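Heads up, the thing below is written out as structure tokens.
Every read-out reported here was derived from the displayed coordinates using simple, explicitly stated rules and does not represent laboratory data. Bear in mind the structure is a predicted one, so any value in this text is a computation, not a measurement. Please note: Cβ atoms are built from the backbone with ideal geometry, for glycine as well, and neighbour counts cover all protein chains shown.
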Amino acid sequence: MIQSECPIRDDFLREGERLDELHRNGYFIIQDPKRFCFGMDAVLLSGFAQAKKGQKVLDLGTGTGIIPILMEAKTDAQDFTALEIQQESADMARRSVACNHLEEKIKIVTGDIRDASDIFGASSFDIITTNPPYMIDTHGLKSECAARRIARHEVLCTLDDVLRESAKLLRPGGHFFMVHRPFRLSEIFVKMTACKIEPKRMKLVYPYADREPNMVLIEGLLGGKPRLTVERPLIVYKEKGVYTDEIYEIYGY
């Protein structure tokens, strides 16, 4: 993201934080590079997820609030709730919401995904979005930064936790949107169907046309019948340093 001149009071930002422009509706987001900054996966999910006017949307593990802020700009939905367990990230998300004057549309709640259905109550949402930790305990190198480790590895919640709570939180016929890694696809589908969230739509994301996919976007339907649509793949780069037209469109450039 492009660092832009701060449109809010200097004392609104904490030490080490910056304000990044989102290129949507004049919105900005507060981030701390020492902790964790959102990546392309969150932006792609905000473009893949769908929400209509009057629908209630919940983002699980929102981090600094990037997905609800972008979805408020891209969809007709006006009722967003976002759950985040890390106090510092939730605080940044609240200040970003305030910075963009979205307090009436986006509510940030500090809490544990594993307790989400107790926090909000069963069958409370029409749409759930989530960009969960991709790596289980044995996958990859773990960051020394706790915030990054929690965001990337299943330290405080697992895929099972996310799917279990989503199945409880969604209304019958509710939609579930997630970005994840392709290497866990078979596990994801098995666990989604076990929770009665039927996979309905999938899009693979490739860094280059001749490389293997490194992300997958998935839509599920609570109580849906088996039928999966595999959409044409999304290619990120035409060549090194040059995005494809579809990526530019999703980012709003």
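Tabulated results
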{"read-out": "Full-stretch length increase - residue 245, residue 181 - with 0.36 nm per residue and alpha-carbon distance subtracted", "value": "20.7 nm"}
{"read-out": "Relative contact order [Cα under 8 Å, 6+ residues apart], the chain, whole percent", "value": "15"}
{"read-out": "Nitroxide proxy distance, nm - points 7 Å out along Cα→Cβ at residue 105 and residue 119", "value": "2.2"}
{"read-out": "Gain in span if fully extended, residue 25 to residue 171, counting 0.36 nm per residue against the direct Cα distance", "value": "49.6 nm"}
{"read-out": "Net lengthening on full extension, residue 98/residue 136 (0.36 nm per residue, minus Cα-Cα)", "value": "10.3 nm"}
{"read-out": "Global form of the chain, assessed from the alpha-carbon gyration tensor, a/c cut-off 1.5", "value": "rounded"}
{"read-out": "Cα→Cβ-extended label distance, 7 Å offset, between residue 112 and residue 229, nm", "value": "3.9"}
{"read-out": "Sites matching chymotrypsin sites (Phe, Trp or Tyr not before Pro) across segment 154-232 that sit in DSSP coil, with at most 11 neighbouring C-beta atoms within 10 Å", "value": "none"}
{"read-out": "Cross-link partners of residue 53 among aspartates and glutamates (Cα-Cα below 14 Å; sequence separation of 8 or more within a chain)", "value": "72, 76, 79, 126"}
{"read-out": "Dipole magnitude of segment 1-113 about its Cα centre (Cβ charges: Lys, Arg +1; Asp, Glu -1), debye to nearest 20", "value": "340"}
{"read-out": "Longest exposed-site-free window of the chain, the sites being GluC sites (Glu not before Pro) in a DSSP loop that have at most 15 other C-beta atoms within 10 Å", "value": "16-102"}
{"read-out": "Proxy reagent accessibility, fewest Cβ within 10 Å first, across 229, 193", "value": "229, 193"}
{"read-out": "222 nm mean residue ellipticity, helices alone, for the chain (DSSP H n ≥ 4; -39,500 (n - 2.57); rounded to 500)", "value": "-8000 deg cm²/dmol"}
